[in-house]
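Data first, discussion second: the structure below is written as structure tokens.
The values are calculated or read from the model by the stated rules, or taken from the named source; none is laboratory data. What you are looking at is a predicted structure, and each value in this text was computed from that prediction instead of being measured. When we count neighbours, we look across all protein chains shown, and the Cβ atoms used for this are built from the backbone with ideal geometry, even at glycine. Side chains included, ligands, DNA and RNA excluded: accessible areas come from the protein's heavy atoms. Shrake-Rupley method; radii C 1.70, N 1.55, O 1.52, S 1.80 Å.
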Amino acid sequence: MFKTQKFKVLLQVTSLAFVLGVVLNLFLYNSSVSSNIRKTLSRDGSGSLSRLISDGDDAQRRFPKALIIGFSKCGTTALRAFISLHPDIVSPLEEVRFFTLNYTKGMEWYRLKMPPSTKSQITIEKTPFYIMDREALERIREFNSTIRLIISVRDPIARLQSQYAHTFRNVLDPDDRPSFKAWCQGNANSDHVVRFVDYASHISAVYDLFHKSQVLVLSEEALEMDPLSVMKEAEAFLGLRASFTKYDFVFNQEKGFYCFNMSSPNYPNIINSVKLSESGCIGGGKGREHPEVDEDFFQELVKAIRPHNEHLFSLIGKRFDWDNFKES
């Protein structure tokens, strides 16, 4: 009898040890999976750690379902950063420039440049030069004829000033820089000016290849002053569940525009996918000082650019209330 009881106790201890071993192995396995995902995200900068852990075995690199294709110096960096707050969006940190500079590297190269995502997420890639290149647009259509395209435009004179500031950002001595008017080739109708202010011609090329319902045109000024409304518009366009709230953004008095609210529940989504300052504002060239414009030349620019604006508004079916073109 004593031997029987001893055998039962031994059997119970063995069974308990087996169960504990299984639990321990499962814990170690899950920890390993989470660790691998963390390492992958650390390399990719997708900012999607909390989202992918819940769907660990579903995480893989996928082709983009949406692209931000233009325009340069029109807030595309902020647009990509803000939209990446959404838990169902992932985006590579850097511009991939696949359909322009890297197309010969092949589709698999392109896919591997994307951060891991789950089936329920949308990958967005931003390269603002795509819209300037007809061949790139044709390649995009061949890649995915139903892809969603987002375009950001800006007050054309402000864009010219921003481009000037960007071009001479490393020229510290003002005497070594041409005047703004000289940079514009001294003519408000110069080819150099038209290249930056004629949005309509390039958007027309997009409409030639894609249905208008696939294209969303936004204004950088609206993104700067009311990011929540713009994000709601983008959210609806991409078919995303409602996630953005007023608590995601905070107005920075020193900068003069909205930055990320680091106390927002969505903020962890972008920590690794956006280059930010300590205040939660986008780093780099955001907020560079713009050059002054001679009043006479400014009026020449307004007169020359206004028809381009009207063409744009007629084409896209909406108007933007840009400061430099308000009737006095």
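Does Val194 satisfy the criteria of being touching a residue at least 40 places away in the same chain (Cβ under 8 Å), part of a helix (DSSP H, G or I) and aliphatic (A, V, I, L, M)?
yes
What is the number of the single condition among (1) in a helix (DSSP H, G or I); (2) open to solvent by 30 Å² or more (accessible area, probe 1.4 Å); (3) within 28 Å of Ile122 (Cβ to Cβ); (4) out of contact with any Ser or Thr (no Cβ under 6 Å at 6 or more places or on another chain) that Glu235 does not meet?
It fails just one condition, (2).
Given the conditions (1) modelled with pLDDT of 95 or more; (2) crowded, with 16+ Cβ neighbours inside 10 Å; (3) under 26 Å from the mean Cα position of the chain (by Cα), which single one is not true for Lys318?
Lys318 satisfies all of (1) modelled with pLDDT of 95 or more; (2) crowded, with 16+ Cβ neighbours inside 10 Å; (3) under 26 Å from the mean Cα position of the chain (by Cα) except (2).
Can you report the number of residues in segment 154-177 which are surrounded by 13 or more Cβ atoms within 10 Å (Cβ to Cβ) and assigned to a loop (DSSP other than H, G, I, E, B)?
The qualifying residues number 4.
Restricting to segment 298-320, give me the number of residues that are part of a loop (DSSP other than H, G, I, E, B) and in contact (Cβ under 8 Å) with a residue 40 or more places away in the chain.
2
Name the residue, out of Phe244, Phe251, that is of a type in the set (Phe, Trp, Tyr), more than 26 Å from Ile316 (Cα to Cα) and either in contact (Cβ under 8 Å) with a residue 60 or more places away in the chain or part of a strand (DSSP E or B) (or both).
Sole residue among the options that is of a type in the set (Phe, Trp, Tyr), more than 26 Å from Ile316 (Cα to Cα) and either in contact (Cβ under 8 Å) with a residue 60 or more places away in the chain or part of a strand (DSSP E or B) (or both): Phe251.
Hey, among the residues in segment 85-115 that are crowded, with 23+ Cβ neighbours inside 10 Å and touching a strand residue (DSSP E or B) at 6+ places or on another chain (Cβ under 8 Å), which one's nearest to Pro227 (Cα to Cα)?
Looking at residues that are crowded, with 23+ Cβ neighbours inside 10 Å and touching a strand residue (DSSP E or B) at 6+ places or on another chain (Cβ under 8 Å), I get Leu85.
For segment 194-215, check the following and say yes or no: at least one residue is within 30 Å of Gly280 (Cα to Cα) and under 17 Å from the mean Cα position of the chain (by Cα).
Yes, segment 194-215 contains a residue that is within 30 Å of Gly280 (Cα to Cα) and under 17 Å from the mean Cα position of the chain (by Cα).
Any residue in segment 93-106 that's in contact (Cβ under 8 Å) with a residue 40 or more places away in the chain: show its pairings with residues that are part of a loop (DSSP other than H, G, I, E, B) at Cβ separation under 6 Å, as long as the two are six or more apart or on different chains.
Matching pairs, first to second residue: Leu93/Gly45; Leu93/Ser273.
Return the only residue of Glu289, Glu295 being open to solvent by 60 Å² or more (accessible area, probe 1.4 Å), in contact (Cβ under 8 Å) with a residue 12 or more places away in the chain and charged (D, E, K, R).
Step by step, each of Glu289, Glu295 is checked, and only Glu289 is open to solvent by 60 Å² or more (accessible area, probe 1.4 Å), in contact (Cβ under 8 Å) with a residue 12 or more places away in the chain and charged (D, E, K, R).
Out of all the residues in segment 138-153, which are crowded, with 22+ Cβ neighbours inside 10 Å and either farther than 30 Å from Ala304 by Cα or over 18 Å from the mean Cα position of the chain (by Cα) (or both)?
Listed by number, the list holds a single entry, Ile140.
Any idea which residue in segment 116-129 is nearest to Leu223 (Cα to Cα), counting only those that are open to solvent by less than 20 Å² (accessible area, probe 1.4 Å) and among the polar types (S, T, N, Q)? Write out each step before concluding.
Start the filter on segment 116-129 by keeping residues that are open to solvent by less than 20 Å² (accessible area, probe 1.4 Å), which leaves 116-118, 121, 123-128.
With the extra rule that they be among the polar types (S, T, N, Q), the set shrinks to 117-118, 121, 123, 127.
On the way: Ser117: 26, Thr118: 28, Gln121: 23, Thr123: 21, Thr127: 18 Å.
The selected residue is Thr127.
Hey, can you tell me all the residues within segment 178-202 that are among the acidic types (Asp, Glu) and surrounded by fewer than 13 Cβ atoms within 10 Å (Cβ to Cβ)?
If the condition is that a residue be among the acidic types (Asp, Glu) and surrounded by fewer than 13 Cβ atoms within 10 Å (Cβ to Cβ), then Asp191 is the only one that fits.
Out of segment 236-289, which residues are at positive phi and at pLDDT below 95?
Here is the first cut: in segment 236-289, the ones at positive phi are 239, 256, 280, 284, 287.
If the condition is that a residue be at positive phi and at pLDDT below 95, then Gly256, Gly280, Gly284, Gly287 are the ones that fit.
Identify, by number, the condition in (1) more than 30 Å from Arg306 (Cβ to Cβ); (2) aromatic (Phe, Trp, Tyr); (3) open to solvent by 20 Å² or more (accessible area, probe 1.4 Å) that Phe244 doesn't meet.
Phe244 satisfies all of (1) more than 30 Å from Arg306 (Cβ to Cβ); (2) aromatic (Phe, Trp, Tyr); (3) open to solvent by 20 Å² or more (accessible area, probe 1.4 Å) except (3).
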